[in-house]
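> Sharing a structure with you now.
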Amino acid sequence: MPVDGAVAKEPARVKIIFPPAQKFPLTCRSSDCMMLKSRCRWTAERFSRVWMMKTANTHSLSADTTAIIDPAGLEQKPLRRRRVLKIGLFFGEMGIYGERAIEAISTAASALNGRVRILVARLREIAPVDVQTRRLDGAILGWWDTPDDLLTILERTRLPCVDIWGSRPADFVPYKVLPDDGAVGQMAAEHFLKRGFTQFAYYGLPKSFQHQWEFRRRQGFVETVERAGFACHCFESTAAGWEQLHEERYLTSLEKWLKSIPKPVGMLCCIDPMAYEVIRLAWKHHIRVPDQLAVCGVDNWLWVCKLANPPISSIPLDGATAGAEALRLLIDVIDGRQRLPKTVFIPPLPLEARGSTDVYNFSDEEVVRAIRYIRDHSHLPITIEQIMENSFISRRAMEMRFKQATGETLQKAIWQAHADQAKRLLLESHMAMSDVADKSGYRSAAVFNVMFRKHTGMTPTEFRRRKLRKRN
């Protein structure tokens, strides 16, 4: 609007020139009175301020007028600060999966430069009542000591939340980031199948526990075994609680089952402590591990796995990726960018093979000897001629018997061993690609790139970048 006494004209275009220290001529329309226009935005970003004209005298200036504006003569208006989101973490007994998830959540929150504040219920910073009073903007749910009370409050308040545990069915939590437990069971079954097992067993929790993750692991294991044409023997305790699982009266039925199942057998236990229990009882009844009973656990609790005799093979869950993805999804829900229900399944990390499954259940000793040689020398270049130096049969006979026993050619097994070694190094180290190729048994980086892409569908660089992006 023009000032009193001034003739209404076309808005004047005023050229604003800052003192020499700024060296940035700006142009704005005097009718706006704010220098936050087009190129003027540079000034706001440079000083993190919105500069406003202190007087309206420029309205009376004629067009094409040049004025020298001193920043000291301008009043400053602070930019509007973004609201800090308060996110509650409800975790009880975390385990290695929960610890990695919380570490990733903390790292991701720090990278947001103060946008998010994490409050931990286990440290008494918050309680379920704070959900009811809407003190929080959102919550990430893990294993909690009183889940029914918490879920009831969440159902009533409809607070945005993401479940990363999935231990109980909760239809009112539409956003979930869960381990792909079906893939966990499938990975364990394939591990035993590659070792020539034809007998399989699964040791899980009672159905009364109502843990959905345990059901999905069982389902993935049993379905993979049945697709291969074999049957699976399943056992579940009648205990009513976690403490009762290890009481003598409930272990008696487990001991009878272990002695009754046909052997040799490959067994998946739904968690590592239960695998430890099985190995202890096996030695008590003179069942040799892994020759008669090969045992695999889940979670890769290092102290549990390495204290067992022999050490337990285990499938680690990717808690780091789950935690980072859960925080990202929750912020999208709070900001309104994610409205539809969404469940994200995080694949498990590669199986950590240890002594409890270090056995190959093939009747052909020559095939077993070849498999062990490939496994033990996967970090070196391997040729079929080298394998034949440790064999007492011809190359033709070896290739035929290897294909009949394992279902794949000898050369394919060699390339697969190199690829598995390369995957491990890509995920667990920061080696250059040339070093990864050298320590994975490839003769050159070019061969490494071609063969790795043939087996995984992506180049080594793409594989590492994609996996690390998911974790971070």
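Every number here is computed from the coordinates shown, using simple stated rules; none is lab data. Keep in mind the model is a prediction, meaning the values are calculated, not measured. We place every Cβ from the backbone using ideal geometry, glycine too, and count neighbours over all the protein chains shown.
> Please compare each pair in LYS194/LYS256; LYS403/LYS423; LYS263/LYS439 to a cut-off of 32 Å on the Cα-Cα distance and tell me which ones are over it. Intermediate results must be reported in sequence, preceding the final value.
Numbers: LYS194/LYS256 28 Å; LYS403/LYS423 25 Å; LYS263/LYS439 37 Å.
Too far apart for the 32 Å limit: LYS263/LYS439.
> Still on this structure, I have one more. So, in Å, what gap is there between the alpha-carbon centers of region 251-275 and region 418-450?
After rounding, the separation between the Cα centres reads 38 Å.
> Give me the net charge of GLY457's neighbourhood, meaning all other residues with Cβ under 13 Å from the Cβ of GLY457; Lys, Arg count +1, Asp, Glu -1.
Details: positive: LYS423, ARG453, LYS454, ARG466; negative: GLU462.
Net local charge, GLY457 excluded: +3.
> Moving on. Within region 320-393, list the trypsin sites (Lys or Arg not before Pro) lying in a DSSP loop whose Cβ has at most 10 other Cβ atoms in a 10 Å radius.
Details: sites: ARG328, ARG337, ARG339, LYS342, ARG354, ARG369, ARG372, ARG375; in loops: ARG337, ARG339, ARG354.
Here the sparse-neighbourhood loop sites are ARG337, ARG339.
> Spin-label point model (7 Å from Cα, Cβ direction): what's the ILE153 to ARG124 distance in nm?
Here the answer is 1.6 nm between the modelled labels.
> Next question, about the same structure. Can you check what the net charge comes to around MET187, using other residues whose Cβ is under 12 Å from the Cβ of MET187 (Lys, Arg +1; Asp, Glu -1)? Working shown, then result.
Numbers: positive: LYS194, ARG217; negative: ASP180, ASP181, GLU190, GLU352.
Net charge in that neighbourhood comes out at -2.
> Also: Give me the net charge of VAL278's neighbourhood, meaning all other residues with Cβ under 14 Å from the Cβ of VAL278; Lys, Arg count +1, Asp, Glu -1.
Numbers: positive: LYS256, LYS259, LYS263, ARG280, LYS284, ARG288; negative: GLU236, GLU255, ASP272, GLU277.
Overall, the nearby charge balance is +2.
> Ok, one more. Could you pull out the trypsin sites (Lys or Arg not before Pro) across region 277-309 that fall in loop regions by DSSP (anything but H, G, I, E, B) with no more than 13 other Cβ atoms inside 10 Å?
ARG288
> Counting other Cβ atoms within 10 Å, which GluC sites (Glu not before Pro) in region 360-439 have at most 11 and lie in a DSSP loop?
On the way: sites: GLU365, GLU366, GLU385, GLU389, GLU399, GLU408, GLU428; in loops: GLU389, GLU408.
Listed in order of number, the matching sites are GLU389.
> Using the Karplus equation 6.51 cos²θ - 1.76 cosθ + 1.60 (θ = phi - 60°), what ³J(HN,Hα) coupling, rounded to whole Hz, does each residue of region 306-323 give in order, writing x for Gly and Pro?
Values per residue, Gly and Pro as x: 7, 7, 6, 10, x, x, 8, 6, 8, 9, x, 8, 8, x, 5, 5, 4, x Hz.
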